[in-house]
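Contents: one structure, followed by commentary.
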Amino acid sequence: MTPGPGGAAPGVARPAALRWALAACALLAVVGFIALGNWQVRRLAWKRALIARVDERVHAPAVAAPARARWAGVNAQADEYRHVAVEGVYLYGLTTRVQAATELGAGFWLLTPLCGADGAIVLVNRGFVAADAPAPAASASASTEVSKSAPVCQAGARDGARKVEGLLRISEPGGGFLRRNDPSGQRWYSRDVAAIAAARGLPGAAVAPYFIDAQAGQEAPPAANAAKTGHAEASPSGGLTVISFPNSHLVYALTWYALAALLAGACLWAARDERRRINAQTGEG
């Protein structure tokens, strides 16, 4: 007689120890699937709260960007995507180009230090330029650039200062997917605030640990922009921040619950079949 599933011959009940072992394994699997479904439900609630929180921040009136006293406590949960405003003088000669892929195509983000009246420096992502846009001309050394700008910032002079509004973003250390930043070669794949500041010779203690994605409409036309920057630089397109949070937790939860239900149904069918075997075997005895 050929053994059936579980080592039992057709019509022959399985040993009690095997029945209990199979039942325990099935119960553990059902409980595990339900637990995974519950976890996805909790993740769904968390994701919905995150989306609501970010949406509220993005559309709220601009508030002052975190000052030095708050820098140590800046984090993604409390601050990222907050609509902020900062005022200062752009250090155009220290602009860094970071590779980017946007709805406008491939190109670069232009990250320019903005020096405030108190000497605090914030990197501002002024926006996107196409890959074939003219690169900034070679500027003076970073130390010279900063030393020239420092008196303007520290003395609180407002000549040339401007107010910039945008979304606060958390630094992106390391680089992009499978590509590390190369500061020595000036090849940047992520907006790594600390590394960019160090490469540009900016005083680390004076640089905010975040950067700001400038909103659209804050850049001058190309001619006026070239006059400010001192070279033929295209005016970047701001306001291209992508805010997207994949939310498939409901699908995942339903999948786990469906697996639990299917396994539970299979267990009930197996239990009824086993009861039939036992009854048949008892009747034969």
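General remarks:
- Only one of the listed residues (A78, A64, A85, A23) is under 30 Å from A280 (Cα atoms) and either out of contact with any Leu (no Cβ under 6 Å at 6 or more places or on another chain) or among the β-branched types (V, I, T) (or both). That residue is A23.
- Unique match (being outside any strand (DSSP E or B), of a type outside the set (S, T, N, Q), touching a His at 6+ places or on another chain (Cβ under 6 Å) and modelled with pLDDT under 95) among A133, A157, A137, A150: A137
- A100 assigned to a loop (DSSP other than H, G, I, E, B) and either touching a strand residue (DSSP E or B) at 6+ places or on another chain (Cβ under 8 Å) or modelled with pLDDT of 95 or more (or both): no
- Residue within region 209-217 that is of a type in the set (F, W, Y), within 27 Å of R68 (Cα to Cα) and either open to solvent by 50 Å² or more (accessible area, probe 1.4 Å) or modelled with pLDDT of 90 or more (or both) present: yes
- Set L202, L254: member being open to solvent by 60 Å² or more (accessible area, probe 1.4 Å) and at pLDDT 90 or above: L254
- Evaluated against (1) in a loop (DSSP other than H, G, I, E, B); (2) open to solvent by less than 60 Å² (accessible area, probe 1.4 Å), A24 falls short on exactly one condition, (1).
- Scanning region 257-285 for residues that are among the β-branched types (V, I, T) and open to solvent by less than 50 Å² (accessible area, probe 1.4 Å) turns up just one, I278.
- Taking region 90-139 as the range and being open to solvent by less than 10 Å² (accessible area, probe 1.4 Å), of a type in the set (S, T, N, Q) and more than 14 Å from R200 (Cα to Cα) as the test, only N125 passes.
- Of all residues in region 201-215, those that are without any contact (Cβ under 8 Å) to a residue 12 or more places away in the chain have Cβ atoms under 9 Å from Cβ atoms of residues that are outside any loop (DSSP other than H, G, I, E, B) and open to solvent by 40 Å² or more (accessible area, probe 1.4 Å), 6 or more apart or on another chain, in G204/A194; G204/A198; A205/R68.
- Qualifying residue in region 82-89 (condition: among the basic types (K, R), at pLDDT 90 or above and either over 22 Å from I243 (Cβ atoms) or surrounded by fewer than 18 Cβ atoms within 10 Å (Cβ to Cβ) (or both)): no
The values are calculated or read from the model by the stated rules, or taken from the named source; none is laboratory data. Because the structure is a prediction, the values reported are computed rather than measured. Reconstructed Cβ throughout: ideal geometry from the backbone, glycine too, with neighbour counts over all protein chains shown. Keep in mind that these areas ignore ligands, DNA and RNA; they rest on the heavy atoms of the full protein, side chains included. Shrake-Rupley method; radii C 1.70, N 1.55, O 1.52, S 1.80 Å.
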